[in-house]
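Have a look at the structure below, then the notes.
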Amino acid sequence: MLCDQLKNIDGLQSLTTLANLKINYCDKLDHFHGLTGLTALTNLDLTGCSTLQNVDDLKGLRALIGLNLTSCTGLQNVDGLSDLKALDGARPQLLHFPA
């Protein structure tokens, strides 16, 4: 989904069987509250979501094994994603996984 006008994705939480989602270059989207109920989500591509500051809204997505954060230039931290098996595109200095 290429979405330069999208401001929120509230309402997606009812898609409980959704496994893959691409939300690319959504410059006005700064949070992902609508993803909290996507328990089957395995791969999420947030390429180019430059206003995204954190991925706290992804906590609890236990099935998530792939996350692409390429060109998420506003990203400040990825705290809370210690269970993630694959992390693509994040700057290494931002990885602050709990011990």
Check: Does at least one position in the stretch 73-80 carry a residue that is surrounded by 15 or more Cβ atoms within 10 Å (Cβ to Cβ), under 10 Å from the mean Cα position of the chain (by Cα) and at pLDDT 85 or above?
Finding: no
Next item on the list: Would you mention how many residues in the stretch 1-22 are within 15 Å of the chain's Cα centre (by Cα) and within 15 Å of L64 (Cα to Cα)?
Entry: 6
Margin query: Within the stretch 49-69, take every residue that is farther than 17 Å from H31 by Cβ and surrounded by fewer than 14 Cβ atoms within 10 Å (Cβ to Cβ) and give me the one that is modelled with the highest pLDDT.
Written below: A63
Next item on the list: Count, please, the residues in the stretch 27-55 that happen to be out of contact with any strand residue (DSSP E or B) (no Cβ under 7 Å at 6 or more places or on another chain) and closer than 14 Å to N68 by Cα.
Entry: 4
Note to self: Looking at L41, L46, can you tell me which residue is modelled with pLDDT of 90 or more and either surrounded by fewer than 15 Cβ atoms within 10 Å (Cβ to Cβ) or out of contact with any Gly (no Cβ under 8 Å at 6 or more places or on another chain) (or both)?
What the structure shows: L41
Note to self: Pairs please, first residue from the stretch 44-55 and touching a residue at least 24 places away in the same chain (Cβ under 8 Å), second anywhere and among the hydroxyl-bearing types (S, T, Y), Cβ atoms under 6 Å, 6+ apart in sequence or on different chains.
What the structure shows: T47/T70; T47/S71; G48/Y25; G48/S71; S50/T73
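The values are calculated or read from the model by the stated rules, or taken from the named source; none is laboratory data. Treat the numbers as computed from the prediction; the structure is a model and nothing was measured. As a convention, Cβ positions derive from the backbone with ideal geometry for all residues, glycine included, and neighbour counts pool all protein chains shown.
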